[in-house]
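Computed from the coordinates by the stated procedures, all read-outs in this text should not be read as laboratory data. Quick caveat: nothing in here was measured; it's all calculated off a predicted structure. Reconstructed Cβ throughout: ideal geometry from the backbone, glycine too, with neighbour counts over all protein chains shown.
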Amino acid sequence: MSDATANASPENDATDTELYQFGLQILRSGSKFFITGLVLGLIPIAHYMVGGVGHQVGEEFYKEVTLWFGCPAEKMVQIIQLGGLSLLLVGFGYLLLARKIDRPVTEKERRGLALCIYGLLAEIFSGGVLYLILDYVFFPNFYFTPITAGKVVWLGAQLISFSVYMVGIIMILGDVKEMVLSLKKA
């Protein structure tokens, strides 16, 4: 088979479609967040190695279920890794669907990806930076003592960040569902 014939096959043409390029964009975003989650995963390891220097763990720490992970970065790391992984899976789905469907990417899909990215970036900020600000400025040692007001602000900010991500992924998956259903009808 000549190169001209190979390049004319439907599978090769799919790489030029807008849907395929959008899938690649989702894959890139997902891989960046997943790798970021792996790097951020070093924070709990460092935390355990240092032993929480400067933090006195109170008796309430052992009774409070939200503190069982032992390191405040755990929730953030898990959300970033799982968010990146889910974006990778959705991106691969788009690459597969682009081989069968040729349609433009909807504005809803673009907004959904933007919300996913903003939600995960906000999770990094609220889970990490906001924690440090609250711990050092407003509620010293709030995680380990625990100080309820500090926990409510910090966990609330993480919930909002995660919710933004979830709205985005639901928007994207809604269009994926429509594409899959259209394939079943055909």
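Checked against the criterion of being surrounded by fewer than 17 Cβ atoms within 10 Å (Cβ to Cβ) and under 17 Å from the mean Cα position of the chain (by Cα), the stretch 103-110 has at least one qualifying residue.
Where helices (runs of 4 or more DSSP H) sit wholly within the stretch 81-186, those with at least 1 residues that are in contact (Cβ under 8 Å) with a residue 40 or more places away in the chain and touching a Leu at 6+ places or on another chain (Cβ under 8 Å) occupy 107-124, 148-185.
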